[in-house]
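Structure first, commentary second.
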Ligand SMILES: Cc1cc2nc3c(=O)[nH]c(=O)nc-3n(C[C@H](O)[C@H](O)[C@H](O)COP(=O)(O)OP(=O)(O)OC[C@H]3O[C@@H](n4cnc5c(N)ncnc54)[C@H](O)[C@@H]3O)c2cc1C
């Protein structure tokens, strides 16, 4: 069985930053990633543009050169992939961590392919695997998706987009421009305030001119094969519908965290318990890194402000070893 100073669960930008920092500090490590390199980014919409400028997405001060100030998904894939390959980071791809058990001062890790031991664990599993469901009848129909990829798919179709944040607004605009008939179902009274500042006026203008029909203070009641029922302040509206994109956000895998023994706050935020000075959780030797630290507050942490977790964690691991 292979033994490491640290096993990093998740090969997203922050897991990779942790691996890179471990390598720099002479800490033996393995990153285990259940998909390809930066799996979440790989699954983002193909035309997605980050709200951060490229230097804010850099790890370990390695320059991230992009065509425009705000990079696109494919440029980010290029950047993080090159970091992994040119630094020959020790990463196992398409391998899923199933269980982590602590025995005295070490952890045993079981994946779908192998078993390992490690003195420390970093959990950097992000939040993109589990969507916030609408919990309405018809959500399980094949025409409903919580992930948006390519606008071409929706051309000449009646598309309902649920949500008011960046993902929903990007999808609504792109699909409208590729010939979809778009309805936007927004829970609150307006388009989200966190929508990218250069995109928000665009969607508001498209709504005001009637190109995209928006329903405010509205929610989905039911989805059927050919329709969607929308509850509005003026009563239920029935819309003809071919596809639904329910882009209402994502959440961390709390079940996985709880199985690891990580305490979560009892309120709706479900914040994991960790020491911000070291990023060590309530389980000694088990660290948290990246966007997972925000619990249900998935807008609190992003690459920009969580890349710092990597040096903090590796310093703590090194200090303990010395
Ligand atoms: C549409 C969108 C746009 C965004 N734009 C920006 C932006 O402009 N700027 C910014 O700073 N942030 C942005 N974010 C937020 C942030 O970029 C991402 O959430 C980022 O991917 C977080 O990095 P991470 O490494 O913490 O998590 P992730 O990138 O989600 O990585 C977690 C990894 O863990 C893997 N994993 C999960 N469970 C297991 C398991 N059991 N075993 C093995 N592997 C596992 C996953 O496959 C995944 O690759 C955006 C997020 C979204 C959804």
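Every read-out reported here was derived from the displayed coordinates using simple, explicitly stated rules and does not represent laboratory data. Quantities reported herein were computed from a predicted structural model and do not represent experimental measurements. We place every Cβ from the backbone using ideal geometry, glycine too, and count neighbours over all the protein chains shown.
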- Item | Zone residues, region 294-312, relative to residue 253, backbone N less than 19 Å from point 7 Å out along Cα-to-Cβ | 294-298
- Task: Report, to the nearest 10°, how far helix 73-86 tilts away from the longest principal axis of the Cα atoms in the chain, using its own Cα long axis and a range of 0 to 90°.
- Result: 10
- Message: Using Stokes-Einstein with the Kirkwood hydrodynamic radius over Cα pairs, what translational diffusion coefficient do you get for region 240-306 at 20 °C and a viscosity of 1.002 mPa s, in µm²/s rounded to a whole number?
- Response: 162
- Item | Helix-only [θ]222 nm of the chain, DSSP H runs n ≥ 4, -39500 (n - 2.57) each, per residue, nearest 500 | -6500 deg cm²/dmol
- Hey, any idea what the orientation-averaged projected area of the convex hull of region 1-135's Cα atoms comes to, in nm²? 9.7
- Find how much the distance from residue 211 to residue 242 grows on full extension, using 0.36 nm per residue of separation minus their present alpha carbon separation; answer in nm with one decimal. 9.4 nm
- Query: Hey, how much of the P(r) for region 93-174 falls beyond 15 Å, as a percent of Cα pairs?
  - Reply: 71
- Query: What per residue convex hull volume, in Å³, do the alpha-carbon atoms of region 202-322 yield?
  - Reply: 162
- Query: What is the fewest-to-most order of 145, 54 by other Cβ atoms lying within 10 Å of their Cβ?
  - Reply: 145, 54
- Message: Can you give me the distance in nm between label points at residue 153 and residue 106, each placed 7 Å from the Cα along the Cα-to-Cβ direction?
- Response: 4.5
- Projected area averaged over all directions for the convex hull of the alpha carbon atoms of region 1-43, nm², comes out at 3.0
- Message: As a footprinting exposure proxy, order 4, 94 by other Cβ within 10 Å, with the fewest listed first.
- Response: 94, 4
- Taking 7 Å along the Cα-to-C-beta vector as the label spot, tell me the residue 130-residue 264 distance in nanometres, rounded to one decimal. 0.5
- Query: Of 1, 251, 279, how do they rank once you tally other Cβ atoms within 10 Å and put the fewest first?
  - Reply: 1, 251, 279
- Over region 185-227, equivalent-ellipsoid semi-axes from the Cα gyration tensor in Å: 22, 13, 9
- Counting all C-alpha pairs of region 58-133, share separated by more than 13 Å (%): 78
- Task: Whole Å is fine, so just give me how far the alpha carbon centre of region 181-211 lies from that of region 84-99.
- Result: 39
- Query: Which value in Å is the Kirkwood Rh of the chain over different Cα pairs?
  - Reply: 21.0
- Pop a pseudo-label 7 angstrom from the Cα along the beta-carbon direction at both residue 115 and residue 53 and give the gap in nm to one decimal. 5.2
- Task: Order these peptides, 243-249, 136-142, by their mean beta-carbon neighbour count within 10 angstrom, highest first.
- Result: 243-249, 136-142
- Volume per residue (Å³) of the convex hull spanned by the alpha carbons of region 138-272 is 138
- Item | FRET efficiency for residue 187 and residue 315, using Cβ-Cβ distance with R0 set to 35 Å, rounded to 0.05 | 0.25
